[in-house]
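Please read the structure below before turning to the comments.
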Amino acid sequence: NIGEGLPPAIVMSNVAAAAVGAKAIAATSSDPRFPVSNVLDGEAKTCWITTGLFPQEFLIAFPDTVSIARIRTQTRNVKSMAVEYCDQRQPTSFNKLYGPVEVEDASTGLQIESQQFRETKCRYLKIKILSGYSDFAVVYTIEAEGGI
């Protein structure tokens, strides 16, 4: 039989969704009206807003080790960003996943950025907003395509 004896294929899905247990556990800026947890809720109308000055960053924790191959973000006023990952049980040491990347200033305001990379195992992601087109930057959603 075709495929007999092969490991099952990994089904790629958004592993950075609150619905599957991902959590935004820390951020460098906080506004109770726009909590960082909004970036994982799957709602296009909710967001996390930085409080000026750069860089700004937030940390996502997965309930277990995941394997990711693409990250997609929806932002506004983000000029440059980078992403790091940690595959340890505690988020103490991070490695570069990609970036910095320049995000084009969108005429509509909504920036959609997608980065594909070598499949990487991680427990934590650190999203770094390095610079912005304005004093404040907005992150609407982040999706990490991968499998468990």
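The values are calculated or read from the model by the stated rules, or taken from the named source; none is laboratory data. Values in this document were obtained by computation on a predicted structure and should not be read as measured data. As a convention, Cβ positions derive from the backbone with ideal geometry for all residues, glycine included, and neighbour counts pool all protein chains shown. Calculation scope for accessible area: heavy atoms of the full protein, side chains included, ligands and nucleic acids excluded. Shrake-Rupley method; radii C 1.70, N 1.55, O 1.52, S 1.80 Å.
Identify the residue in the stretch 29-64 that is within 14 Å of Ile129 (Cα to Cα), polar (S, T, N, Q) and open to solvent by less than 70 Å² (accessible area, probe 1.4 Å) and, among all such residues, is nearest to the chain's Cα centre (by Cα). Ranking the candidates gives Gln56 first. Tell me, please, whether a residue that is assigned to a strand (DSSP E or B), acidic (Asp, Glu) and surrounded by fewer than 20 Cβ atoms within 10 Å (Cβ to Cβ) can be found in the stretch 130-137. Looking through the stretch 130-137, none of the residues is assigned to a strand (DSSP E or B), acidic (Asp, Glu) and surrounded by fewer than 20 Cβ atoms within 10 Å (Cβ to Cβ). Checking Glu43, Glu57 one by one, the residue that is in a loop (DSSP other than H, G, I, E, B), charged (D, E, K, R) and closer than 22 Å to Glu145 by Cβ is Glu43 and no other. The condition of being under 14 Å from Thr141 (Cα atoms), among the small types (Gly, Ala, Ser) and in contact (Cβ under 8 Å) with a residue 12 or more places away in the chain holds for only one of Ser37, Ser13, Ser67, that being Ser37. Ser37: of a type outside the set (A, V, I, L, M) and part of a strand (DSSP E or B), yes or no? When the stated conditions are applied, Ser37 does not pass them.
Within the stretch 80-97, is even one residue farther than 19 Å from Ala27 by Cβ and either assigned to a strand (DSSP E or B) or touching a helix residue (DSSP H, G or I) at 6+ places or on another chain (Cβ under 7 Å) (or both)? Checked the stretch 80-97: at least one residue is farther than 19 Å from Ala27 by Cβ and either assigned to a strand (DSSP E or B) or touching a helix residue (DSSP H, G or I) at 6+ places or on another chain (Cβ under 7 Å) (or both).
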